[in-house]
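Visitor: My questions all concern the structure below.
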Amino acid sequence: TTLKHIMGTCLHRVQAARTSADYCDMNTLELQTCQTKLGTFINADPSDHAGIQRADKMELVPSAQADVLVSSRILHAATLFDADHKGRLFTILRDPIERAVSTFYYLENAYWERHYRPEYKDMTVLDYAALPDTSNN
């Protein structure tokens, strides 16, 4: 979320990311932008296999409408680029404990997120860390 916030609200870049699926019209095969509190997104989600295939079919990269593609599927997302439409890759790594603590506090309040968990308000960070579905880094 921090990266998306910086790219969208500070640098004013149009993004294709998982957030697109939450705010944009994903039922059309026509590229469209939508406004969110994190900036402008385009209706293409390169975060999973189906989304990358859809972005390819929509010719997302050749359209040059998105400035940033956010995906953890680097090798698969790289297939969207070619010799005429090159991209730049960068990675941001975060301390895993700081990330887990941040995720805990974020998800107890982020009612707009699909992973929002109001029950976290009644837990401690240690309780959260002991949950079976919490990242184990």
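The values are calculated or read from the model by the stated rules, or taken from the named source; none is laboratory data. Source: prediction; values computed, not measured. Virtual Cβ from ideal backbone geometry, glycine too; neighbours counted across all protein chains shown. Quick note on the areas: whole protein, heavy atoms, side chains included, nothing else; ligands and nucleic acids left out. Shrake-Rupley method; radii C 1.70, N 1.55, O 1.52, S 1.80 Å.
Visitor: With the requirement that a residue be among the small types (Gly, Ala, Ser), open to solvent by less than 20 Å² (accessible area, probe 1.4 Å) and in contact with an Asp or Glu (Cβ under 9 Å, 6 or more places away or on another chain), what does region 1-49 give you? Steps first, answer last, please.
Guide: Initial filter on region 1-49 (among the small types (Gly, Ala, Ser)): 8, 16-17, 20-21, 39, 44, 47.
Still in the running and open to solvent by less than 20 Å² (accessible area, probe 1.4 Å): 8, 16-17, 20, 39, 44, 47.
Selection gives Ala16, Ala17, Ser20.
Visitor: Still on this model: Count, please, the residues in region 47-92 that happen to be in contact with a His (Cβ under 7 Å, 6 or more places away or on another chain) and among the aliphatic types (A, V, I, L, M). Talk me through it step by step, then tell me what you get.
Guide: Going residue by residue through region 47-92, those that are in contact with a His (Cβ under 7 Å, 6 or more places away or on another chain) are 49, 52, 61-62, 76.
Among the residues that remain, those that are also among the aliphatic types (A, V, I, L, M) are: 52, 61.
Residues in region 47-92 being in contact with a His (Cβ under 7 Å, 6 or more places away or on another chain) and among the aliphatic types (A, V, I, L, M): 2 in total.
Visitor: Could I ask something else about it? Please return the ranges of helices (runs of 4 or more DSSP H) entirely within region 52-137 where 3 or more residues are open to solvent by less than 50 Å² (accessible area, probe 1.4 Å).
Guide: Values: elements: 60-63, 74-77, 96-107, 125-130.
Of the helices (runs of 4 or more DSSP H) lying wholly inside region 52-137, those with at least 3 residues that are open to solvent by less than 50 Å² (accessible area, probe 1.4 Å) span 60-63, 96-107.
Visitor: Something else about it: Name every residue in region 95-127 that is acidic (Asp, Glu) and touching a helix residue (DSSP H, G or I) at 6+ places or on another chain (Cβ under 6 Å), in order of residue number.
Guide: Step one: list which residues in region 95-127 are acidic (Asp, Glu), which gives 95, 98, 108, 113, 119, 122, 127.
Glu108, the sole residue that qualifies.
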